[in-house]
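Below are the structure tokens for one structure; questions will follow.
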Amino acid sequence: RPFCTRVVCAKCGCAYGRKDRPDCSYVFWQCSTRCMKGIKNCHNDNLKEDDLHKAFITAWNKAVRQKEKLSKRWDETDRTGTELQKFRVNQMRELVAEGEIKEIIPELVMAVLDCVVVKGGGAMEVRLTERSMRLNIEKVV
């Protein structure tokens, strides 16, 4: 489960958990505060897993299309960053070179996703590792 602990509520700061209920026709993610303490404690929206996947794919493909722009930022990290930051930047370079995706690749998500911040109303912010990119998504189409 590549998104586990990486989907975060913008309203209360808690992690979202994956819900797969037999009475529901789709898998969704829900804020753990809302799940445990009720909607009065956190009123952020549930998130369909399909929308979460589409948001990541959109962010990743944008990173691939902007690799020249990102490369300048990565060059700076190569010069001034820690060994871990340099490792992650080189990993991002290699993965971006493989191109755009059409479906979720769990290993890719685990390698490059920092987190997805769920803002509500279908809006999310997808953050890739090493601050490579933060993509605001108003509504997944």
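Just one of (1) more than 30 Å from residue 45 (Cα to Cα); (2) open to solvent by 20 Å² or more (accessible area, probe 1.4 Å); (3) of a type outside the set (Asp, Glu); (4) modelled with pLDDT of 90 or more trips up residue 81, so point out which.
(2)
Restricting the search to the stretch 1-54, which residues are among the hydroxyl-bearing types (Ser, Thr, Tyr) and either open to solvent by less than 60 Å² (accessible area, probe 1.4 Å) or touching a residue at least 60 places away in the same chain (Cβ under 8 Å) (or both)?
Selection gives 16, 32, 33.
Quick check on the stretch 85-104. Is at least one of its residues touching a Pro at 6+ places or on another chain (Cβ under 9 Å), at pLDDT 95 or above and either under 21 Å from residue 130 (Cβ atoms) or open to solvent by less than 20 Å² (accessible area, probe 1.4 Å) (or both)?
Checking the stretch 85-104: at least one residue is touching a Pro at 6+ places or on another chain (Cβ under 9 Å), at pLDDT 95 or above and either under 21 Å from residue 130 (Cβ atoms) or open to solvent by less than 20 Å² (accessible area, probe 1.4 Å) (or both).
The values are calculated or read from the model by the stated rules, or taken from the named source; none is laboratory data. Every value quoted in this text rests on a predicted model; they were computed, and no experiment measured them. Note that we place each Cβ from the backbone using ideal geometry, even for glycine, and neighbour counts take in every protein chain shown. Note: accessible area is taken over every heavy atom of the protein model, side chains too, but ligands, DNA and RNA are not part of it. Shrake-Rupley method; radii C 1.70, N 1.55, O 1.52, S 1.80 Å.
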